[in-house]
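Here is the structure we will look at, set down as structure tokens.
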Ligand SMILES: [Mg+2]
């Protein structure tokens with residue numbers, strides 16, 4: 001059953017609509033950041049990861065500590081990403097649907113810039129704006145991570161997705177959020193419609209069930225066509 005947060009009255013037929021979408025495990029089939037950490041980090045990363053999953057540590061601090069355990073060149077990590085970086089088989093079709101029907105789409109990620117860029121290019125899905133943490137590779141195979149989009153007040157996530165959503169609130173009438181993990185919980189609480197699976201879905205259900213479960217982007221497309229029929233009709237009339 002489709003449940004939306006504010007009821008149908010909020011819908012603005014000529015409004016501006018934005019889809020904010022997580023990357024790891026949502027667009028990408030794997031949690032690429034996690035796979036890179038597993039592959040390239042030395043002893044001690046699992047303890048840090050457990051503390052993160054238990055809510056005892058935010059991703060910013062967890063990434064900072066894990067980065068100190070990582071050893072890799074950009075070429076090594078890049079090759080690994082290209083080998084394992086698959087995307088949802090329906091994402092390209094979904095993105096084309098969004099562009100055709102007037103839904104803007106941006107990616108928010110608490111992962112790393114270089115692999116989002118590489119995976120999108122690999123699958124020929126270009127020109128999507130994305131917001132993420134930033135990785136630097138050094139000559140001695142050290143890796144450091146910067147967090148240009150952190151929230152200094154909260155200071156938990158590397159990339160504060162809720163702050164990005166709030167900025168977009170100033171210019172969009174409706175915000176649809178798509179995600180699957182811990183870093184999606186805060187922004188999902190402020191979106192108008194939430195598509196969720198895995199950790200995000202479980203948390204949304206605990207907090208009242210204001211979300212739509214999905215397995216892939218063909219599900220989401222079907223739901224959006226039903227939820228915003230005026231939008232699809234408008235575009236068809238205009239084209
Ligand atoms: Mg994710």
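Things to note:
- Residues that are in contact with a helix residue (DSSP H, G or I) (Cβ under 7 Å, 6 or more places away or on another chain), in a strand (DSSP E or B) and more than 13 Å from the ligand (Cβ to nearest atom), drawn from region 175-192: 175
- Residue within region 46-68 that is touching a helix residue (DSSP H, G or I) at 6+ places or on another chain (Cβ under 7 Å), at negative phi and in a strand (DSSP E or B) present: no
- Filter pass, residue 55 being closer than 14 Å to residue 182 by Cβ and within 16 Å of the ligand (Cβ to nearest atom): no
- Count of region 120-141 residues, restricted to those that are more than 21 Å from residue 98 (Cα to Cα) and without any contact (Cβ under 8 Å) to a residue 12 or more places away in the chain, is 4.
- Residue 59 more than 19 Å from residue 137 (Cα to Cα), in contact with a strand residue (DSSP E or B) (Cβ under 8 Å, 6 or more places away or on another chain) and touching a residue at least 24 places away in the same chain (Cβ under 8 Å): yes
- Of the residues 94, 103, the single one that is touching a residue at least 12 places away in the same chain (Cβ under 8 Å), surrounded by 15 or more Cβ atoms within 10 Å (Cβ to Cβ), within 22 Å of residue 165 (Cβ to Cβ) and touching a helix residue (DSSP H, G or I) at 6+ places or on another chain (Cβ under 6 Å) is 94.
- Restricting attention to region 62-76 and to residues that are out of contact with any strand residue (DSSP E or B) (no Cβ under 8 Å at 6 or more places or on another chain) and either more than 19 Å from residue 183 (Cα to Cα) or touching a residue at least 24 places away in the same chain (Cβ under 8 Å) (or both), the residue that is surrounded by the fewest Cβ atoms within 10 Å (Cβ to Cβ) turns out to be 75.
- For the residues 171, 144, the requirement of being within 17 Å of residue 66 (Cα to Cα) and in contact (Cβ under 8 Å) with a residue 60 or more places away in the chain singles out 144.
- Taken as a whole, the condition of being in contact with a strand residue (DSSP E or B) (Cβ under 7 Å, 6 or more places away or on another chain), in a helix (DSSP H, G or I) and surrounded by 16 or more Cβ atoms within 10 Å (Cβ to Cβ) does not apply to residue 163.
Residue by residue, here is whether (1) within 27 Å of residue 52 (Cβ to Cβ); (2) in contact with a strand residue (DSSP E or B) (Cβ under 8 Å, 6 or more places away or on another chain) holds:
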{"residue": "167", "(1), (2)": "yes, no"}
{"residue": "178", "(1), (2)": "yes, yes"}
{"residue": "183", "(1), (2)": "yes, yes"}
{"residue": "200", "(1), (2)": "yes, yes"}
{"residue": "204", "(1), (2)": "yes, yes"}
{"residue": "208", "(1), (2)": "yes, no"}
{"residue": "226", "(1), (2)": "no, no"}
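- Scan of region 196-215 for residues that are at negative phi and in a loop (DSSP other than H, G, I, E, B), ordered by number: 197, 207, 210, 211, 214, 215
- Selected residue (criterion: farthest from residue 20 (Cα to Cα)) from residues of region 201-215 that are in contact (Cβ under 8 Å) with a residue 60 or more places away in the chain and touching a helix residue (DSSP H, G or I) at 6+ places or on another chain (Cβ under 8 Å): 210
- A count restricted to region 108-133 and to residues that are closer than 14 Å to residue 28 by Cβ and surrounded by 21 or more Cβ atoms within 10 Å (Cβ to Cβ) stands at 10.
- Residue 150 satisfies every condition listed in (1) away from the ligand (no atom under 16 Å from the Cβ); (2) part of a loop (DSSP other than H, G, I, E, B); (3) surrounded by fewer than 19 Cβ atoms within 10 Å (Cβ to Cβ) except (3).
No lab work stands behind these numbers, since they all come straight from the coordinates. Only a predicted model underlies this, so the values are computations on that prediction, with no experimental measurement involved. Cβ atoms come from the backbone with ideal geometry, glycine included; neighbour counts cover every protein chain shown.
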